[in-house]
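Notes follow once the structure below has been shown.
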Amino acid sequence: MRHIIAMLMENEPGSLSRVAGLFSARGYNIHSLCVAPTEDPTVSRLTLVTREKDEGIVEQITKQLNKLVDVIKVLDLTEGEHVERAIMLVKVRATGARREELKRLSDIFRGRILDVSSSTYTIEVTGVGEKLDAFIDALEPKSILEVVRSGALGIGRGTKSLRV
Amino acid sequence: MELTGAQILCRFLKDEGVEYVFGYPGGSVLFIYDELYKQDAVKHILVRHEQGATHMADGYARATGKPGVVLVTSGPGATNAVTGIATAYMDSIPMVVITGQVPTQAIGSDAFQEVDSVGITRPCVKHNFLVKDVKDLTQTLKKAFHVATSGRPGPVVVDIPKDVTALKADYVYPTAVEMRSYNPVTRGHGGQIKKALKLILGAKRPMVYSGGGVVLGESSAELTEVVQQLGYPITSTLMGLGAYPGADRQFLGMLGMHGTYEANMAMHGCDVLIAIGARFDDRVVGDVKKFCPKAKIIHIDIDPASISKVVKVHIPIVGGVKEVLEELLAALKTTEQQRDEDALAGWWQQIEEWRAKKCLSYANSSELIKPQAVLEALYKLTDGDAYVASDVGQHQMFAAQYYPFKEPRRWINSGGLGTMGFGLPAAMGVQFAYPDETVACITGDGSIMMCIQELATAKQYGLPVKILSLNNGYLGMVRQWQEFFYDKNYSQSYMETLPDFVKLAESFGHVGLRIDKAADVEGALKEALSRKDDLVFMDFITDPSENVYPMMEAGKGHNEMLLRELA
């Protein structure tokens, strides 16, 4: 099953490599990883997505992450109601009649055109992974010039929050 | 008070109560060595190889419970220390390793003797630090000692660039340390303890399986009291030996790959398993699918990640072994629940039948020296009170089997990583801590060669370690596996050109004895033990065909042991 694990950690050099090193040393899978400082510059928030069939391994992953000395808190968001988002930027070839068609497609996906040239659009789409996949599928494969995607970010629903 | 980084380090070590620093100088740590030279509160022990420094600090830590401290230079100094750091990590030994680093502005430029020490050690430390600002040095050192010694202990590396040791900052010894991201639990969950007690007292075929965590958690007395009050059988891992008195009737011996028949059969047959400070290592468990098939399992451990890592447990209790056992003991005194005496009597009867197989018997010889006989003689002559440090291989298993330890922290061996070369420096570390005690190093002709250079350090500091080398001319454990599982193809396991160990010992200024007749074993040991001030190297020429029994092959169950066939 797919798990989204959110964690708070000390914003120190090397913190990220401890997490990445843990995954490679113990043979756990990382599907995506996002990390940035929070409103408190001493704290980073890291969101990682892992796909493990064995729930025992997911339990080990959260325990091993908790064990890292730099890690303040770990939460498996998939255990509760949560919201998730990822962002994608796509540069597509846009000429002639295709310009109007791409604009419409972008609107359907609530995308925004960030940059325009005489022959290209750069479109921003946000949403869950499946939505981003669907947008890619809707594009003519030959028209795609470049794709950049973030990993998933997640936050729990309701009043509870993950804080230091 | 403004001090240089090097002065801060020396002052801090003194204020932290550090007795010994095991180390080796080099370019990046010269400011530190200059300050060490100007003080005498902290004694520096000059080793002959950085691996030796880490094992010495490790042996010191295992015997005393205090953190071992190591100081090495950047680059090769740090990489040579890695084996010792990993050894300590696998056995959760508190250690602080200070590595020199090239100056901050040179980091990343492939400078002379530069390696990414923090990167290289990251997977084999509990935590590590790179100190980039001298203002952070004191706090970082305090954190390092705190992390190394609290919770589940382990080695911590502090990497200090050379310029940081020369720059100045204020120094005040920090009495407290606060880390929002690191707060290990100590007290166990009351509800879980209650549930566990109910299961424990209701058991018909109980078994206690204790590990190194009991030794590390200083809870040998509590363990002994709980087990004796329950009257239940107990086995121990290699790392836990001595936590429960080895000669007591309730003790079934070590379990696992070279455990006793009775311990392993009782594991297989038990209905309630009480695991205390043990981590279900593969050498203990064998085939996970065949492990304790009838048992409900209780697991007490300070490290939540150890729980249900290998074997799914039914009642986990996260907490310090000492705290949890104290609570268990209190609850045991007030409970009205009775044990199932009839079932227990039957269980003990069954265990005694297994024990009657005498799985550790061997055919002693009047000619060839049997390695087991050397250990038995050592046990007899030291009254079981020696500190015994061991290397890795057959001799290590013989020591674990034939020297039943009475007390914790007497048995010093590399269990998790299985590091050959560990024995001699570790024994020396123990001898530094306890200069008047008998410290024996059990080794073999393979292992001893891996840190043989430390004989020079032993001479320099007058350490009277007694080395018992069980010399069979083979890498005995490798040879045994090749005999059993690789068609007797003794590939590279024969030591063709061994040195004359007597002359070797003598060349370092020690006493060497060569013993090749069974009849001379006791006499040689007596002589060695009577030489209180000398390091004595005993080269016992032992039966090269001897194997370690019983044996549970890798991937088998506890009830599928190979036993020694006696003629």
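The values are calculated or read from the model by the stated rules, or taken from the named source; none is laboratory data. Since the structure is predicted, the reported quantities are computational estimates derived from the model, not experimental observations. Positions of Cβ are backbone-derived with ideal geometry, glycine not excepted, and every protein chain shown enters the neighbour counts. The accessibility values were calculated without ligands, DNA or RNA, using every heavy atom of the protein model including side chains. Shrake-Rupley method; radii C 1.70, N 1.55, O 1.52, S 1.80 Å.
Tell me the strands (runs of 3 or more DSSP E) entirely within segment B:236-314 that contain at least 2 residues that are charged (D, E, K, R). Write out each step before concluding.
Values: elements: B:251-254, B:272-276, B:296-301.
Strands (runs of 3 or more DSSP E) meeting the threshold: B:296-301.
If I ask for residues that are over 15 Å from the mean Cα position of the chain (by Cα), among the hydrophobic types (A, V, I, L, M, F, W, C) and either open to solvent by 40 Å² or more (accessible area, probe 1.4 Å) or within 14 Å of chain B (Cβ to nearest Cβ) (or both), which ones from segment A:72-94 would you list?
Scanning segment A:72-94 gives A:I72, A:V74, A:L75.
So that you can scan it fast, the table gives a plain yes or no per residue for (1) at pLDDT 95 or above; (2) open to solvent by 10 Å² or more (accessible area, probe 1.4 Å); (3) not in a helix (DSSP H, G or I):
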| residue | (1), (2), (3) |
| --- | --- |
| B:A399 | yes, no, no |
| B:P408 | yes, yes, yes |
| B:L417 | yes, yes, yes |
| B:A426 | yes, no, no |
| B:G429 | yes, no, no |
| B:E437 | yes, yes, yes |
| B:C441 | yes, no, yes |
| B:L455 | yes, no, no |
| B:A458 | yes, no, no |
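Checking the conditions here, which among B:A518, B:A524 is open to solvent by less than 40 Å² (accessible area, probe 1.4 Å) and either of a type in the set (K, R) or within 30 Å of B:L562 (Cβ to Cβ) (or both)? Before the answer, list the steps.
On the way: B:A524 fails: either of a type in the set (K, R) or within 30 Å of B:L562 (Cβ to Cβ) (or both).
On inspection, the qualifying residue turns out to be B:A518.
From the list A:L89, A:L48, A:L8, A:L75, pick out the single residue that is in contact with a Cys (Cβ under 9 Å, 6 or more places away or on another chain) and under 16 Å from A:A152 (Cα atoms). Give the derivation first.
On the way: A:L89 fails: in contact with a Cys (Cβ under 9 Å, 6 or more places away or on another chain); A:L8 fails: in contact with a Cys (Cβ under 9 Å, 6 or more places away or on another chain); A:L75 fails: in contact with a Cys (Cβ under 9 Å, 6 or more places away or on another chain).
On inspection, the qualifying residue turns out to be A:L48.
Which count do you get for residues in segment B:307-317 that are away from chain A (no Cβ under 13 Å) and touching a helix residue (DSSP H, G or I) at 6+ places or on another chain (Cβ under 7 Å)?
Narrowing segment B:307-317 to residues away from chain A (no Cβ under 13 Å): B:314-315, B:317.
Going one step further and asking which of them are touching a helix residue (DSSP H, G or I) at 6+ places or on another chain (Cβ under 7 Å), we end up with B:315, B:317.
Residues that pass the stated criteria total 2.
When you look at B:K322, is it under 23 Å from the mean Cα position of the chain (by Cα), in a helix (DSSP H, G or I), of a type in the set (K, R) and buried (at least 18 other Cβ atoms within 10 Å of the Cβ), yes or no?
Working: under 23 Å from the mean Cα position of the chain (by Cα): yes; in a helix (DSSP H, G or I): yes; of a type in the set (K, R): yes; buried (at least 18 other Cβ atoms within 10 Å of the Cβ): yes.
Yes; evaluated as a whole, the condition is true for this residue.
Got a sec? Which of B:E222, B:E218 is in a loop (DSSP other than H, G, I, E, B) and within 24 Å of the chain's Cα centre (by Cα)? Break it down into steps so the answer makes sense when it comes.
Details: B:E222 fails: in a loop (DSSP other than H, G, I, E, B).
Going through B:E222, B:E218 in turn, just one is in a loop (DSSP other than H, G, I, E, B) and within 24 Å of the chain's Cα centre (by Cα): B:E218.
Output the residues belonging to segment B:286-306 that are modelled with pLDDT of 95 or more, open to solvent by less than 30 Å² (accessible area, probe 1.4 Å) and either away from every other protein chain (no Cβ under 14 Å) or farther than 18 Å from B:G211 by Cα (or both).
B:F291, B:C292, B:A295, B:I297, B:I298, B:I300
So which residues in segment B:478-523 are hydrophobic (A, V, I, L, M, F, W, C), outside any strand (DSSP E or B) and closer than 19 Å to B:L424 by Cα, if there are any at all? Outline the logic, then answer.
So the first thing to find is which residues in segment B:478-523 are hydrophobic (A, V, I, L, M, F, W, C), and the list is B:478, B:481, B:484-485, B:495, B:498, B:501-502, B:504-505, B:508, B:511, B:513, B:515, B:518-519, B:521.
The next check asks that each one be outside any strand (DSSP E or B); those that pass are B:478, B:481, B:484-485, B:495, B:498, B:501-502, B:504-505, B:508, B:518-519, B:521.
Scanning segment B:478-523 gives B:L498, B:F501, B:V502, B:L504, B:A505, B:F508.
Restricting to segment A:18-68, name every residue that is surrounded by 15 or more Cβ atoms within 10 Å (Cβ to Cβ), farther than 18 Å from B:T121 by Cα, among the charged types (D, E, K, R) and within 13 Å of chain B (Cβ to nearest Cβ).
A:E59, A:K63
Which strands (runs of 3 or more DSSP E) sit wholly inside segment A:50-164 and have at least 1 residues that are closer than 30 Å to A:G14 by Cα? Talk me through it step by step, then tell me what you get.
Working: elements: A:71-76, A:82-93, A:112-116, A:120-127, A:144-149, A:153-156.
Of the strands (runs of 3 or more DSSP E) lying wholly inside segment A:50-164, those with at least 1 residues that are closer than 30 Å to A:G14 by Cα span A:71-76, A:82-93, A:120-127, A:144-149, A:153-156.
Kindly check whether there is at least one residue in segment B:153-172 that is hydrophobic (A, V, I, L, M, F, W, C), without any contact (Cβ under 8 Å) to a residue 60 or more places away in the chain and more than 14 Å from chain A (Cβ to nearest Cβ).
Pass one, segment B:153-172, residues hydrophobic (A, V, I, L, M, F, W, C): B:156-158, B:160, B:164, B:166-167, B:169, B:172.
Of the ones still in play, those that are also without any contact (Cβ under 8 Å) to a residue 60 or more places away in the chain are none.
No: segment B:153-172 contains no residue that is hydrophobic (A, V, I, L, M, F, W, C), without any contact (Cβ under 8 Å) to a residue 60 or more places away in the chain and more than 14 Å from chain A (Cβ to nearest Cβ).
Only one of (1) open to solvent by 30 Å² or more (accessible area, probe 1.4 Å); (2) within 11 Å of chain B (Cβ to nearest Cβ) is not met by A:G14, so which one is it?
Looking at each condition in turn, A:G14 falls short on (1).
Output the number of the condition that B:N472 fails; it satisfies all remaining conditions of (1) in contact with a Ser or Thr (Cβ under 8 Å, 6 or more places away or on another chain); (2) open to solvent by 50 Å² or more (accessible area, probe 1.4 Å).
(2)
Just name the residue that is farthest from B:A61 (Cα to Cα) out of those in segment B:1-45 that are in a loop (DSSP other than H, G, I, E, B) and open to solvent by 70 Å² or more (accessible area, probe 1.4 Å). Give the steps one after another, and end with the answer.
Narrowing segment B:1-45 to residues in a loop (DSSP other than H, G, I, E, B): B:1, B:16-19, B:24-26, B:38-42.
From what is left, the residues that are open to solvent by 70 Å² or more (accessible area, probe 1.4 Å) are B:1, B:24, B:38, B:40.
Values: B:M1: 32, B:Y24: 19, B:K38: 26, B:D40: 21 Å.
Among those that are in a loop (DSSP other than H, G, I, E, B) and open to solvent by 70 Å² or more (accessible area, probe 1.4 Å), it is B:M1.
Considering segment A:103-113 alone, what residues qualify as being under 20 Å from the mean Cα position of the chain (by Cα) and surrounded by fewer than 16 Cβ atoms within 10 Å (Cβ to Cβ)?
Listed by number, the residues that qualify are A:R110, A:R112.
In the set B:A176, B:A203, which member is over 28 Å from the mean Cα position of the chain (by Cα), away from every other protein chain (no Cβ under 14 Å), free of Cβ contacts under 8 Å to residues at least 24 places away in the same chain and in a loop (DSSP other than H, G, I, E, B)?
Details: B:A203 fails: free of Cβ contacts under 8 Å to residues at least 24 places away in the same chain.
Only one candidate passes the filter, namely B:A176.
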